[in-house]
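Report on the structure given below.
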Amino acid sequence: MASESTDVDRTDPVYRAWLKEAVRKVQADSNRSADTHLLRFPLPEEWGIDLYLKDESTHPTGSLKHRLARSLFLYALCNGWIRPGKPVIEASSGSTAVSEAYFAKLIGVPFVAVMAKTTSQAKIDLIEFHGGECHLVDSACEVYEVSAELAEQTGGHYMDQFTYAERATDWRGNNNIAESVFAQLRLEPHPEPAWIVATAGTGGTSATIARYVHYMQHDTRICVADPENSCFFEGWVDHNPDATCDRGSRIEGIGRPRMEPSFVPGAIDRMMKVPDAASIAAMRVLERVLGKTAGASTGTGLWSALRIVAEMRAAGERGSVVTLICDPGDRYLDKYYSDDWLAGQGIDIAPYEVELERFLKGEGGLS
Ligand SMILES: *Cc1c(COP(=O)(O)O)cnc(C)c1O
């Protein structure tokens, strides 16, 4: 865990110079970066409903985890948790590790990712590309304990995204994802969205968006879409912080086997369970509509956002809805974009694809 270390003299000028330089490098990376786009997902004009996608796949490390990794590194550095020459270790389903490997290399410390062996090879390659090392374990449930053990053995720091994601992020502003979305909506017909739909892995993104909305006194509501094999939905519905699930999520990046400390249920207005087949169908429809591939968690959010659009339509409401493109599809060509993989998993996306295509043509609702 992120314990206080005793092996560094924090007043040592050498350590202080290292710390300043590390913080400067992370801040400078942010200063060189541009904002991510808010794309329009076309819907029939007469509906009077606008759907937007915040495209987080364009960060230097390709996912919304770039924001999280930056926040976690700054938080850990400023807390004195990262020491020169000692590894940073993370329990990760992949994307966080890709982004953290990037920041570890930036500040010159080793990085080790502890992940389930089902993680896609493309992500493993990316972590190694950024100079990280991958430590694969049999199941997603083991990653926490193994990470803590590795940190103990090496004198390194277990970053622990599932605990610290929500508190490392500046939720009041500082160009966080929510502030950026609201600024980008300013000249739109409905600048205050009726709903923002997120998905949850750490829960950090939904917590940041929800807190910002409440802090800024917006009327926007927050929905979190949850995949199969995740306990977040049940835990939220039953108000049960001890909810668990004994199988791992098939949708990379989201769905957890336990209620993570960084998931903040009280900030969320609604949750929606989304079948994995519906997530993948929506992901594939996104490519046909926008010419852009994305990961399956983007499909989970998109399916849920489109269901909300369908409800608004049925109720005669106008307004806007926002969801996210979480990461790019090229990481999953041998997985969600492979019909063989789908067949092997017994996933039939065809009925959901048909339903979506019909809905988008104005010929029906969404179940
Ligand atoms: C982490 C992740 C999410 C969810 O974001 P959190 O802020 O961790 O809840 C969604 N999609 C992908 C691909 C992710 O890696």
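The values are calculated or read from the model by the stated rules, or taken from the named source; none is laboratory data. None of the values given here were measured: they were computed from a predicted structure. Quick reminder, even Gly has a Cβ in these numbers, built from the backbone with ideal geometry, and neighbours come from all protein chains shown.
Which residue out of 86, 54 is touching a strand residue (DSSP E or B) at 6+ places or on another chain (Cβ under 6 Å), among the basic types (Lys, Arg) and at pLDDT 95 or above?
On the way: 86 fails: touching a strand residue (DSSP E or B) at 6+ places or on another chain (Cβ under 6 Å).
Going through 86, 54 in turn, the sole match is 54.
Go through the range 197-252 and give me each residue that's among the polar types (S, T, N, Q) and crowded, with 23+ Cβ neighbours inside 10 Å. Show your work before the answer.
Initial filter on the range 197-252 (among the polar types (S, T, N, Q)): 199, 202, 205-206, 208, 217, 220, 229-230, 240, 244, 249.
Within the range 197-252, 199, 202, 205, 206, 208, 220, 230, 249 qualify.
Considering only the range 329-367, state which residues are in a helix (DSSP H, G or I), closer than 18 Å to residue 292 by Cβ and without any contact (Cβ under 8 Å) to a residue 60 or more places away in the chain.
Taking the range 329-367 as the starting set, the residues that turn out to be in a helix (DSSP H, G or I) are 329-332, 339-345, 350-360.
Imposing the further condition that a residue be closer than 18 Å to residue 292 by Cβ reduces the set to 329-332, 353, 356-357, 360.
If the condition is that a residue be in a helix (DSSP H, G or I), closer than 18 Å to residue 292 by Cβ and without any contact (Cβ under 8 Å) to a residue 60 or more places away in the chain, then 329 is the only one that fits.
If you check 58, 96, which single one turns out to be assigned by TED's automatic domain parsing to the domain that holds residue 300, under 22 Å from the mean Cα position of the chain (by Cα) and within 16 Å of the ligand (Cβ to nearest atom)? Spell out the reasoning first.
Values: 96 fails: assigned by TED's automatic domain parsing to the domain that holds residue 300.
Criteria check complete, one pass: 58.
Can you find, within the range 176-190, the residue that is surrounded by the fewest Cβ atoms within 10 Å (Cβ to Cβ) among those that are touching a residue at least 60 places away in the same chain (Cβ under 8 Å) and within 24 Å of residue 307 (Cβ to Cβ)? Full working, then the answer.
Taking the range 176-190 as the starting set, the residues that turn out to be touching a residue at least 60 places away in the same chain (Cβ under 8 Å) are 176-177, 180-181, 184-185, 188-190.
Still in the list and also within 24 Å of residue 307 (Cβ to Cβ): 177, 181, 184-185, 188-190.
Working: 177: 24, 181: 21, 184: 17, 185: 19, 188: 14, 189: 11, 190: 15.
Only one residue fits best here, namely 189.
Looking only at the range 183-211, filter to residues that are farther than 18 Å from residue 326 by Cα and not in a loop (DSSP other than H, G, I, E, B); which one of those is nearest to the ligand (Cβ to nearest atom)? Let's see the steps before the verdict.
Initially, the range 183-211 is screened for residues farther than 18 Å from residue 326 by Cα, giving 183, 185-194, 211.
In the following step, the residues that additionally are not in a loop (DSSP other than H, G, I, E, B) were identified as 183, 211.
Details: 183: 20, 211: 13 Å.
Residue satisfying both the conditions and the ranking: 211.
Name the residue, out of 299, 291, 346, 319, that is within 16 Å of the ligand (Cβ to nearest atom) and either modelled with pLDDT of 95 or more or of a type in the set (A, V, I, L, M) (or both).
299
If you scan the range 224-266, which residues turn out to be within 14 Å of the ligand (Cβ to nearest atom) and of a type in the set (Ser, Thr, Tyr)?
Hits for the range 224-266 are 230, 249, 262.
Within the range 61-93, restricting attention to residues that are over 12 Å from the mean Cα position of the chain (by Cα) and either of a type in the set (Asp, Glu) or at positive phi (or both), which residue is farthest from the ligand (Cβ to nearest atom)?
First, the residues of the range 61-93 that are over 12 Å from the mean Cα position of the chain (by Cα): 61, 70-91.
Keeping just the survivors that are either of a type in the set (Asp, Glu) or at positive phi (or both) gives 80, 85, 90.
Working: 80: 25, 85: 29, 90: 12 Å.
Within the range 61-93, the match that is farthest from the ligand (Cβ to nearest atom) is 85.
Which members of the range 101-126 meet the condition of being hydroxyl-bearing (Ser, Thr, Tyr) and buried (at least 20 other Cβ atoms within 10 Å of the Cβ)?
The initial filter retains those residues of the range 101-126 that are hydroxyl-bearing (Ser, Thr, Tyr), namely 102, 118-120.
Residues satisfying the conditions are 102, 119.
Could you tell me which of the residues 225, 282 is in contact (Cβ under 8 Å) with a residue 24 or more places away in the chain and either assigned to a loop (DSSP other than H, G, I, E, B) or closer than 29 Å to residue 170 by Cα (or both)? Show your work before the answer.
Numbers: 282 fails: either assigned to a loop (DSSP other than H, G, I, E, B) or closer than 29 Å to residue 170 by Cα (or both).
Every option except 225 fails the conditions.
So that you can scan it fast, the table gives a plain yes or no per residue for (1) closer than 23 Å to residue 335 by Cβ; (2) assigned to a helix (DSSP H, G or I); (3) in contact with a helix residue (DSSP H, G or I) (Cβ under 7 Å, 6 or more places away or on another chain):
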position	(1), (2), (3)
112	no, no, yes
127	yes, yes, yes
131	no, no, yes
145	no, yes, no
164	no, yes, yes
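Restricting to the range 49-66, and then to whatever is in contact (Cβ under 8 Å) with a residue 60 or more places away in the chain and out of contact with any helix residue (DSSP H, G or I) (no Cβ under 9 Å at 6 or more places or on another chain), can you tell me which residue is surrounded by the most Cβ atoms within 10 Å (Cβ to Cβ)?
50
Check off (1) exposed (fewer than 12 other Cβ atoms within 10 Å of the Cβ); (2) on the phi < 0 side of the Ramachandran plot; (3) of a type outside the set (A, V, I, L, M, F, W, C) for residue 362 and give me the number that stays unchecked.
Unmet condition: (2).
Out of (1) over 18 Å from the mean Cα position of the chain (by Cα); (2) not in a strand (DSSP E or B), what's the single condition that is false for residue 50?
All conditions are met except number (2).
Of all residues in the range 285-327, count the ones that are without any contact (Cβ under 8 Å) to a residue 60 or more places away in the chain, farther than 24 Å from residue 345 by Cβ and not in a helix (DSSP H, G or I).
Here the count works out to 3.
Here are some residues: 325, 308. Which one is buried (at least 16 other Cβ atoms within 10 Å of the Cβ), over 13 Å from residue 47 (Cβ atoms) and among the aliphatic types (A, V, I, L, M)?
Values: 308 fails: over 13 Å from residue 47 (Cβ atoms).
Of 325, 308, the one residue that is buried (at least 16 other Cβ atoms within 10 Å of the Cβ), over 13 Å from residue 47 (Cβ atoms) and among the aliphatic types (A, V, I, L, M) is 325.
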